[in-house]
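Readers should treat all values here as calculations from the given coordinates under stated rules, not as data from a laboratory. Note that the coordinates shown come from a computational prediction; the quantities given were computed from them, not determined experimentally. As a convention, Cβ positions derive from the backbone with ideal geometry for all residues, glycine included, and neighbour counts pool all protein chains shown.
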């Protein structure tokens, strides 16, 4: 009798593990709407030209280089983000040139597909998603 109960529980336990495993591999994980390459729509108070939000939870703020001969961008903030809503991210950032300076930003994708960058409920700038440049 004890052997029967042990065998029945073993089968039940194996079945439960199988169900958990199948549910994990079949539940897809889609990127947050904020993930992508966002370009500034006009000027903003931080002079951010682009924000790159990576699906893995990091983001970088860029500004165009002041060097006329060099048309590249320089990173001005390095961030870790977490989703705080279906269309909103909270970003914990440090200055690229001084990692002791820390700031928090909110990045919200609107219904029109534009994104708003805020700090302490103050609008910093508006951004539109663009394909990743190579």
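With a simple spin-label model that places each label point 7 Å from the Cα along the Cα-to-Cβ direction, the separation between residue 128 and residue 80 comes to 3.4 nm. Listing 32, 95 from fewest to most neighbouring C-beta atoms within 10 Å gives 95, 32.
Provide the FRET efficiency to the nearest 0.05 for the residue 54-residue 111 pair, computing r from the beta carbons and using R0 = 41 Å. Efficiency for this residue pair is about 0.95.
If you take the beta carbon distance between residue 101 and residue 43 as r and set R0 to 22 Å, what does 1/(1 + (r/R0)^6) give as a FRET efficiency, to the nearest 0.05? The calculated FRET efficiency here is 0.50.
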